1. Return yes when residue 92 is at pLDDT below 90 and touching a strand residue (DSSP E or B) at 6+ places or on another chain (Cβ under 9 Å) and no when it is not.
2. Have a look at 183, 206 and point out the one that is crowded, with 19+ Cβ neighbours inside 10 Å, over 30 Å from residue 93 (Cβ atoms) and either in the same structural domain as residue 75 (by TED's automatic domain parsing) or free of Cβ contacts under 8 Å to residues at least 40 places away in the same chain (or both).
3. Tell me, yes or no, whether the stretch 323-331 has at least one residue that is assigned to a helix (DSSP H, G or I) and in contact with a strand residue (DSSP E or B) (Cβ under 7 Å, 6 or more places away or on another chain).
4. Which of the residues that make up the stretch 84-111 are surrounded by fewer than 15 Cβ atoms within 10 Å (Cβ to Cβ) and assigned to a helix (DSSP H, G or I)?
5. Taking residue 137, is it assigned to a helix (DSSP H, G or I) and either in contact with a strand residue (DSSP E or B) (Cβ under 9 Å, 6 or more places away or on another chain) or surrounded by 13 or more Cβ atoms within 10 Å (Cβ to Cβ) (or both)?
6. Could you identify the single residue in 358, 372 that is more than 30 Å from residue 456 (Cβ to Cβ) and either in the same structural domain as residue 456 (by TED's automatic domain parsing) or not in a helix (DSSP H, G or I) (or both)?
7. Across the stretch 373-389, what is the number of residues that are within 16 Å of residue 36 (Cα to Cα) and crowded, with 16+ Cβ neighbours inside 10 Å?
């Protein structure tokens, strides 16, 4: 008794699987290993410390508007969005191979048949039209998980691209804050510079009066005149720096260079208080650049599985059903029906090393992804450590600058009182006021540096990023 067809098919599949399993994967290599939290000596995870829209803590509507505009209009972010759409399409292409393919065909074939072929006269030796309408279907059965692995690899790549877009948004946000803070610092320094120029004019007038009275030599005016020229140079430099900052903000927000010439920035104020930051396990999951690289590692691991599945038999089914006739009047008749089914097994027995080379290349790309991940982690930890250190130092420097400003103000007020008591002259008062303005300028610089360090630390710690909120779902 003959075996049922399904038993014959199962036996054939088993035989081909055994033959396919005999193919060597090639030289085995020790894969690269991602760095672990214990290797990096990271502490226990803590609760998230960064708010998702952390820059709003600055309470500056103009800055908020600039950041929103940059996140909507920046060409580089539009490129990132386009890359994400492309990656989503790649996922769809990979998923399409998991299911059956169905297509409809309609053909007209005009052919002269050989007089000495399979078909005798009157068909042989004459031209005939053959009309065909058919519906075909094919399905490649994924016994070894090749297509499933390819889909997972495509999804991992999609997630990595989405996360890289998140990192790009974070970097642009920090860049907008940096340029805006620079513009605020310039505005505050320009205000002080104007007051210093007024003091210098008063010093020049007093010195001129003393020279005219014979109390001072004529060359006493030179130092004050030099000071006025130096202040004028500083004013010109500040105006140029302000123009550059506005141009940079315009570029970041996707606008023409002079679009923000009329921008009114808010007053520079100290950075908000920030919880004590520490480098913990959280940094591995709250920085989008790290999570993106980890997604690439996982995607390449799935690519290795797909490359290994190429060594096994490929089983596919195809079938068609339709109508075929020499005359259109006969095309829809029952007798014109055509049906076909074609199960197929493709077994790679000898490929001159092509499969082994492909697997080796995929393993190499996996190692590259792992080392890129490791380098990203190390760079991120260094960046976070530097940002934390700078934040702490600028906070201390700002405190010192604030205390020094208070002392210089007291010294200036004391000099005014002494002047009113007749103990010092007017020039001493102007010199004390000049020293006070200089100290205020130092405080402005310290405030701006502290704001920049605050922004850098928020960015280095992930900028409020959360994987579950931003990672795309598989389509």
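The values are calculated or read from the model by the stated rules, or taken from the named source; none is laboratory data. Computed from a predicted model, the values in this text were never measured in an experiment. Neighbour counts are summed over all protein chains in view; Cβ atoms, including those assigned to glycine, are modelled from backbone coordinates with ideal geometry.
1. On the way: at pLDDT below 90: yes; touching a strand residue (DSSP E or B) at 6+ places or on another chain (Cβ under 9 Å): no.
No; evaluated as a whole, the condition is false for this residue.
2. On the way: 206 fails: crowded, with 19+ Cβ neighbours inside 10 Å.
When all the criteria are applied, what remains is 183.
3. So in the stretch 323-331, the residues assigned to a helix (DSSP H, G or I) come out as 328-330.
Now narrow it down to the ones that are in contact with a strand residue (DSSP E or B) (Cβ under 7 Å, 6 or more places away or on another chain): 328.
Scanning the stretch 323-331 turns up at least one residue that is assigned to a helix (DSSP H, G or I) and in contact with a strand residue (DSSP E or B) (Cβ under 7 Å, 6 or more places away or on another chain).
4. Matches in the stretch 84-111: 85, 86, 89, 92, 93, 96.
5. On the way: assigned to a helix (DSSP H, G or I): no; either in contact with a strand residue (DSSP E or B) (Cβ under 9 Å, 6 or more places away or on another chain) or surrounded by 13 or more Cβ atoms within 10 Å (Cβ to Cβ) (or both): yes.
No, not satisfied.
6. Numbers: 372 fails: more than 30 Å from residue 456 (Cβ to Cβ).
So the residue among 358, 372 that is more than 30 Å from residue 456 (Cβ to Cβ) and either in the same structural domain as residue 456 (by TED's automatic domain parsing) or not in a helix (DSSP H, G or I) (or both) is 358.
7. Summing the residues that are within 16 Å of residue 36 (Cα to Cα) and crowded, with 16+ Cβ neighbours inside 10 Å in the stretch 373-389 gives 6.
Yes/no per residue for (1) under 21 Å from residue 174 (Cβ atoms); (2) in the same structural domain as residue 269 (by TED's automatic domain parsing); (3) in contact with a helix residue (DSSP H, G or I) (Cβ under 6 Å, 6 or more places away or on another chain):
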residue	(1), (2), (3)
43	no, yes, no
59	yes, yes, no
62	yes, yes, no
126	no, no, no
